[in-house]
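Have a look at the structure that comes next, please.
The values are calculated or read from the model by the stated rules, or taken from the named source; none is laboratory data. It should be emphasised that the depicted structure is a prediction, and the values quoted were computed from it without experimental measurement. Neighbour counts are summed over all protein chains in view; Cβ atoms, including those assigned to glycine, are modelled from backbone coordinates with ideal geometry. To get the accessible areas, we keep the full protein, side chains included, count just its heavy atoms, and leave off ligands, DNA and RNA. Shrake-Rupley method; radii C 1.70, N 1.55, O 1.52, S 1.80 Å.
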Amino acid sequence: MVSCFNMHSPLLMFPVKEENNICFFSLANKREFELEAHFEKLQEWRFVGSSQGWLLLLNQKADPILLNPFSGINFQLPGKETFPHIHSIQEVIEDVFKVHFKYRKDSIFLDSKTLQKLLIVKAVLSTSRLCNTNCTVIVMYDVLCTSRLAFCRPGSSGWTGFGGEIQSYYDILCNGNTLYTLGAGPSIEVWDLDEFFPRRKMIIQASCPRNLTEAHQIYPSDLYSSKWYLVFSSWEMFLVVRYIGEFVRYDGEVVYEGDTLTDYSSNPLICPYRTVQFHVYKLDFDQKTWLQVESLNGCALFVGGNHSVSVVAKDHPGCKSDAIYFTDDYWERIDEDYSYGGHDIGIFKLGDGSIDPLLNCDQEKTEPPPFWIVPN
């Protein structure tokens, strides 16, 4: 069944229909197919994201596992109790944990679902070959609403924290054994993963583009949120900025939360968050500045919970050039409402700024949220 699809093109992974199956949507064939994951109660797992053809999952106990859904191979990663910000974890009753975070004086009690959501924000791999001792798994994890970094390698007994001058990380990207981390500014730290402990080689403090500064007035923080992604494309570094309306009416108008209340109903109008715009900037390494671009030179970008990737559209049937394929990674709000979450997916066309639907899941609760995976 899998051989019927282009296994080098990005696939959209979306909710399981059977208890142990993972579903995929092929852009090339506009068709769905399913693969058996060989895990019990898969619907209770959290799908963190994808990188280098692997899925990073958190099982029912919130322990991280790498799974290649196409080969069925899986690897158990170091347990949740070894994360740098966790002092101890004890399961007091089934699926309820007593957690002592290092930044708190006292312990708190969390169910497994909540612990899954709090543990890992994003994950990337330096290579698809996990048997390679130089393979590094890097994760962003949450500490008091800031994202920190940790890594492990094959055979590691735990997660090791590391970091530079960036206070909170927005995105991480691997290109071979080089790690790029994105922070405010925007600034980029470049890390060498060839040594046992990641070594920071440089920090790129490029000047903030004027258009990015002006966008703060166009998309004010009381109506919009934004997400930043790093993407490599044809040896160029792109900063992709995504603007999300916090409450968007059926007609596309972004409104304040108070505007969702009506006089004729005790229930507020359903106005889910929704992506409304993307801006893309290219890094000029020599001038150390970001330049806004209006074209991706025939490429398509794939962003969301996945390791951000770029492909040449003409080499991948079904891909549109100069387009950004996005999935919902608004983790702060994705689980706040029973009627939506995971719904914010689509195709943004950089040329005219329009957004095309990808799947018919608008304003529907989609759990786990879809994300892209590139088979390797």
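Considering only segment 134-141, I want to know if a residue exists there that is open to solvent by 30 Å² or more (accessible area, probe 1.4 Å), closer than 24 Å to Trp45 by Cα and more than 19 Å from the chain's Cα centre (by Cα).
No, segment 134-141 has no match at all.
Here is a further query. Can you name the residue in segment 333-355 that is in contact (Cβ under 8 Å) with a residue 24 or more places away in the chain and exposed (fewer than 15 other Cβ atoms within 10 Å of the Cβ) and, of all such residues, is nearest to Glu257 (Cα to Cα)?
Kept after step one, since they are in contact (Cβ under 8 Å) with a residue 24 or more places away in the chain, are these residues of segment 333-355: 333-335, 337-351, 353, 355.
Going one step further and asking which of them are exposed (fewer than 15 other Cβ atoms within 10 Å of the Cβ), we end up with 337-339, 351, 353.
Numbers: Asp337: 14, Tyr338: 17, Ser339: 16, Gly351: 31, Gly353: 25 Å.
Applying the filter and picking the extreme gives Asp337.
When you look at His307, is it under 23 Å from Leu182 (Cα atoms), surrounded by 14 or more Cβ atoms within 10 Å (Cβ to Cβ) and either in contact with a helix residue (DSSP H, G or I) (Cβ under 9 Å, 6 or more places away or on another chain) or not acidic (Asp, Glu) (or both), yes or no?
Yes.
Restricting to segment 320-332, count the residues that are open to solvent by 20 Å² or more (accessible area, probe 1.4 Å) and either of a type outside the set (Phe, Trp, Tyr) or touching a Cys at 6+ places or on another chain (Cβ under 6 Å) (or both).
Of the residues in segment 320-332, 4 are open to solvent by 20 Å² or more (accessible area, probe 1.4 Å) and either of a type outside the set (Phe, Trp, Tyr) or touching a Cys at 6+ places or on another chain (Cβ under 6 Å) (or both).
I'd like the residue in segment 59-73 that is under 19 Å from Trp159 (Cα atoms) and not small (Gly, Ala, Ser) and, out of all such residues, is most open to solvent (accessible area, probe 1.4 Å). Steps first, answer last, please.
Of all residues in segment 59-73, those under 19 Å from Trp159 (Cα atoms) come to 59, 61-67.
So of that shortlist, the ones also not small (Gly, Ala, Ser) come out as 59, 61, 63-67.
Values: Asn59: 22, Lys61: 63, Asp63: 30, Pro64: 0, Ile65: 9, Leu66: 3, Leu67: 2 Å².
My answer is Lys61.
I'm trying to understand the selection: among the residues of segment 274-320, which are among the polar types (S, T, N, Q), in contact (Cβ under 8 Å) with a residue 40 or more places away in the chain and either farther than 23 Å from Trp372 by Cα or in contact with a strand residue (DSSP E or B) (Cβ under 7 Å, 6 or more places away or on another chain) (or both)?
Thr275, Gln277, Thr289, Gln292, Asn306, Ser308, Ser310 - these are the residues of segment 274-320 that are among the polar types (S, T, N, Q), in contact (Cβ under 8 Å) with a residue 40 or more places away in the chain and either farther than 23 Å from Trp372 by Cα or in contact with a strand residue (DSSP E or B) (Cβ under 7 Å, 6 or more places away or on another chain) (or both).
Filter segment 247-285 for residues that are of a type in the set (Phe, Trp, Tyr), open to solvent by 50 Å² or more (accessible area, probe 1.4 Å) and either in contact with a helix residue (DSSP H, G or I) (Cβ under 9 Å, 6 or more places away or on another chain) or modelled with pLDDT of 85 or more (or both) and give the result.
Within segment 247-285, Tyr250, Tyr256, Phe285 qualify.
Pull out all pairs, ordered by first then second residue, where Cβ-Cβ is under 7 Å, the residues are six or more apart or on different chains, the first lies in segment 103-123 and is within 10 Å of Val48 (Cβ to Cβ) and open to solvent by less than 80 Å² (accessible area, probe 1.4 Å), and the second is acidic (Asp, Glu) and outside any helix (DSSP H, G or I).
Val121/Asp142
Right, another one. Can you pull out every residue in segment 209-229 that is modelled with pLDDT of 95 or more and within 15 Å of Ala184 (Cα to Cα)?
Ser225, Ser226, Lys227, Trp228, Tyr229
Turning to a different aspect of this structure: Only residues that are closer than 21 Å to Ile347 by Cβ and hydroxyl-bearing (Ser, Thr, Tyr): list them for segment 281-308, please.
Tyr281, Ser295, Ser308 - these are the residues of segment 281-308 that are closer than 21 Å to Ile347 by Cβ and hydroxyl-bearing (Ser, Thr, Tyr).
What about Leu56, is it open to solvent by less than 10 Å² (accessible area, probe 1.4 Å) and more than 15 Å from Pro375 (Cβ to Cβ)?
Yes, satisfied.
Can you name the strands (runs of 3 or more DSSP E) wholly within segment 162-228 that have at least 1 residues being surrounded by fewer than 13 Cβ atoms within 10 Å (Cβ to Cβ) and charged (D, E, K, R)?
It comes to 199-205.
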